[in-house]
Amino acid sequence: MSRPPACKRARRDNPLRQLACDQSTLELARRTGFDRTTLGRWLRGQTQPRLPDFLCFLEATSLRLLDFVALFTDPAELEVTRAAYLEQLERQRLAYELPWSHAVLHALELDAYQAHPRHRTSLLAAALGLSAAEVDALLQRLAEARLIEKHGGRWRPTRMSSVDTRADFAANRGLKRHWAAAALQRLERLQPGHQSLFSYNLFPIGAADFLRLRQLHLDYYERVRQLVAQARGADHMVVLNVQLCRLDELPQCET
């Protein structure tokens, strides 16, 4: 994925600034646990973090520590990453097989659910537009996969991380089809005064400007990820579908 414009302006020799993007040192301190003075020195390039500190910073700002480790070695072969990596693979498998399972997983972070001392399926079902039976079945699958656990009467994720579903092209395409269909169902039920946005713009464009538009699309998507990572509070579950489709990009048919 492309980085946001602010990240592009970061010095290429300082990956910490690219990871931090436009977040303040106050926000970074809250998310990473490092003090602002230390973070400031790292971001200015005055000092460099030790490898363990860099890895902590990477995970806190991107949730992609395992993907970074995989650039150098198989995370399943390292004792310190094996369990987390196998868990990530299970999350990926469930995302492909049961897309709504990840929606339930994230819904456990909603403020309304967290505010109750005991588990309430009805809150999750209402937040997702699913039936209570569907939510209970998905919770069971998540528990069997050891991706959630009961704590203090409520379900909670065992570990939150970013899951890259691009490894399997066909399965990833199926995921995109699923969430496009979910949004389409909501569009069919849309009423006046809604807050959801369904927009389209149909236009001709040159090849060079299309590439610029494509980059803007990628930048926007990454900016959204940054905003979500920094956001405090969780009142609603949201699906963001962003499409930029060349209408002529179709398989060639035999004549």
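Points 7 angstrom from Cα along the Cβ direction at Arg173 and Gln48: gap in nanometres?
Label at Arg173, label at Gln48, 4.3 nm between them.
Give me the net charge for the shell around Asn241: Cβ to Cβ below 14 angstrom, other residues only, Lys and Arg +1, Asp and Glu -1.
Taking every Cβ under 14 Å from that of Asn241, the sum is +4.
For the modelled label position 7 Å from the Cα of Arg118 along Cα-to-Cβ, which residues of segment 125-168 have backbone nitrogen atoms closer than 12 Å?
153-154
Using +1 at the C-beta of Lys and Arg and -1 at the C-beta of Asp and Glu, which of Cys245, Leu139, Gly40 has the Cα lying farthest in the positive direction of the dipole of the chain?
The one lying farthest along the dipole's positive direction is Gly40.
Can you tell me the convex hull volume per residue for segment 27-88, based on C-alpha atoms, in Å³ to the nearest whole number? Write out the running numbers ahead of the final one.
On the way: hull volume 5.8 nm³, N = 62.
Convex hull volume per residue, Cα atoms: 94 Å³.
Return the whole-Å distance between the Cα centroid of segment 166-192 and the Cα centroid of segment 21-54.
Spelled out, the Cα-based centre of one part sits 37 Å from the other.
Taking all protein chains in place and a 1.4 Å probe, what share, in percent, of the accessible surface of segment 117-179 do carbon and sulfur account for?
That fraction is 51 percent.
Which value, in Å² and to the nearest 10, is the accessible area of His106 when all protein chains are kept and the probe is 1.4 Å?
Solvent-accessible area, nearest 10 Å²: 80 Å².
Give the calculated FRET efficiency between Arg141 and Glu249 to the nearest 0.05, with a Förster radius of 35 Å applied to their Cβ-Cβ distance.
0.45
For segment 132-255, divide the Cα radius of gyration by the Kirkwood radius and give the resulting Rg/Rh value with two decimals.
With Rg and the Kirkwood Rh in hand, the quotient comes to 1.02.
Round to the nearest 10 and report in Å² the accessible area of Glu109, as given by a 1.4 Å probe over the protein chains' heavy atoms.
The accessible area comes out at roughly 80 Å².
For Ser24, Ser62, give the ranking by accessible area with the largest first, probe 1.4 Å.
Of Ser24, Ser62, the descending order of accessible area is Ser24, Ser62.
Just by accessible area at a 1.4 angstrom probe, what is the order of Phe57, Phe72 from largest to smallest?
From most exposed to least exposed: Phe72, Phe57.
Can you give the helix-only mean residue ellipticity at 222 nm for the chain, where every DSSP H stretch with n ≥ 4 adds -39500 (n - 2.57) and the sum goes over all residues, rounded to the nearest 500 deg cm²/dmol?
Helix contribution divided over all residues of the chain: -17000 deg cm²/dmol.
Given bins 5 angstrom wide, list per bin the percent of all Cα-Cα distances in segment 88-133, short to long.
5, 21, 28, 20, 15, 9, 1
Stick to Cα atoms and the Kirkwood definition of Rh, then tell me Rg/Rh for the chain.
Result: Rg/Rh = 0.98.
Cα gyration tensor of segment 117-170, axes a ≥ b ≥ c as square roots of the eigenvalues: rounded (a/c below 1.5), prolate (a/b > b/c) or oblate?
The shape class here is oblate.
Need the C-alpha centroid separation for segment 57-105 versus segment 121-158, integer Å.
20 Å
Please calculate the 1.4 Å probe accessible area of Asp74, with all protein chains present, and give it to the nearest 10 Å².
Here the accessible area works out near 70 Å².
The values are calculated or read from the model by the stated rules, or taken from the named source; none is laboratory data. Keep in mind the model is a prediction, meaning the values are calculated, not measured. Note: ideal-geometry Cβ built from the backbone for every residue, glycine included; neighbour counts use all protein chains shown. These accessible areas exclude ligands, DNA and RNA; they are computed on the full protein's heavy atoms, side chains included. Shrake-Rupley method; radii C 1.70, N 1.55, O 1.52, S 1.80 Å.
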